[in-house]
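*Asks:* This is the structure I want to talk about, given as C-alpha cells.
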Amino acid sequence: MLTVYSKNYCIFCDRAKSLLKSQGIQFEEICIDDETNSGAKQFIMEQGHRTVPQIYHNGKLFVEGGFEGLSQLSVSEIRARLGIFGLL
C-alpha cells in the first residue's frame, strides 16, 4: 500500500489523493500537520524533502516529484510498481 505524506490545505496533496482514488489505488494518508504524527514531519525532512505530497511504498520513495511525478505515470505503471495485476 502507498503512504501519502501530506499537509492540510495543500492543493497538490489533494490532487495526488484524488488521482489515486480515481484509479482505485488504496493508500494511507499521513498528515504531517497532525500533532499525533509528530515523527512524520521529521521523517520527511530527514529524507531531504521540503515539499509535500511525498509518496512512499514499503518505506521507499515511490515516485520523485510528488503529485507532478505521480501524474506522469499511467495507471498501469502505478499498478505494476505496486505489484497489482489484473483488470481495473
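*Asks:* Name the residue, out of SER22, SER6, that is within 23 Å of GLN72 (Cβ to Cβ) and in contact with a Cys (Cβ under 6 Å, 6 or more places away or on another chain).
*Replies:* Numbers: SER22 fails: in contact with a Cys (Cβ under 6 Å, 6 or more places away or on another chain).
The match here is SER6.
*Asks:* I've got another one for you. Go through (1) without any contact (Cβ under 8 Å) to a residue 12 or more places away in the chain; (2) part of a helix (DSSP H, G or I) one by one and return the number of the condition GLU64 breaks.
*Replies:* The failed condition is (2).
*Asks:* Could you tell me which of the residues LEU73, LEU20 is out of contact with any helix residue (DSSP H, G or I) (no Cβ under 6 Å at 6 or more places or on another chain), assigned to a loop (DSSP other than H, G, I, E, B) and aliphatic (A, V, I, L, M)?
*Replies:* LEU73
*Asks:* Something else now. When you look at GLY39, is it within 13 Å of the chain's Cα centre (by Cα), part of a helix (DSSP H, G or I) and surrounded by fewer than 18 Cβ atoms within 10 Å (Cβ to Cβ), yes or no?
*Replies:* no
*Asks:* Let me ask something else. Please enumerate the residues belonging to the range 42-61 that are part of a helix (DSSP H, G or I) and in contact with a strand residue (DSSP E or B) (Cβ under 7 Å, 6 or more places away or on another chain).
*Replies:* Hit for the range 42-61 is ILE44, nothing else.
*Asks:* For residues that are at pLDDT below 95 and surrounded by 11 or more Cβ atoms within 10 Å (Cβ to Cβ), scanning just the range 46-76, find the one that is farthest from the chain's Cα centre (by Cα).
*Replies:* Applying the filter and picking the extreme gives SER76.
*Asks:* Which of the residues that make up the range 12-28 are surrounded by 11 or more Cβ atoms within 10 Å (Cβ to Cβ) and farther than 13 Å from LEU70 by Cα? Give the derivation first.
*Replies:* Taking the range 12-28 and keeping what is surrounded by 11 or more Cβ atoms within 10 Å (Cβ to Cβ), we get 12-21, 23, 25, 27.
Within the range 12-28, just PHE27 meets the criteria.
*Asks:* Additional query: Taking CYS31, is it surrounded by 18 or more Cβ atoms within 10 Å (Cβ to Cβ) and out of contact with any strand residue (DSSP E or B) (no Cβ under 6 Å at 6 or more places or on another chain)? Break it down stepwise before answering.
*Replies:* On the way: surrounded by 18 or more Cβ atoms within 10 Å (Cβ to Cβ): yes; out of contact with any strand residue (DSSP E or B) (no Cβ under 6 Å at 6 or more places or on another chain): no.
Considered against the rule, which asks whether it is surrounded by 18 or more Cβ atoms within 10 Å (Cβ to Cβ) and out of contact with any strand residue (DSSP E or B) (no Cβ under 6 Å at 6 or more places or on another chain), CYS31 comes out as no.
The values are calculated or read from the model by the stated rules, or taken from the named source; none is laboratory data. Just so it is clear, the model here is predicted, and its values are computed rather than measured. As a convention, Cβ positions derive from the backbone with ideal geometry for all residues, glycine included, and neighbour counts pool all protein chains shown.
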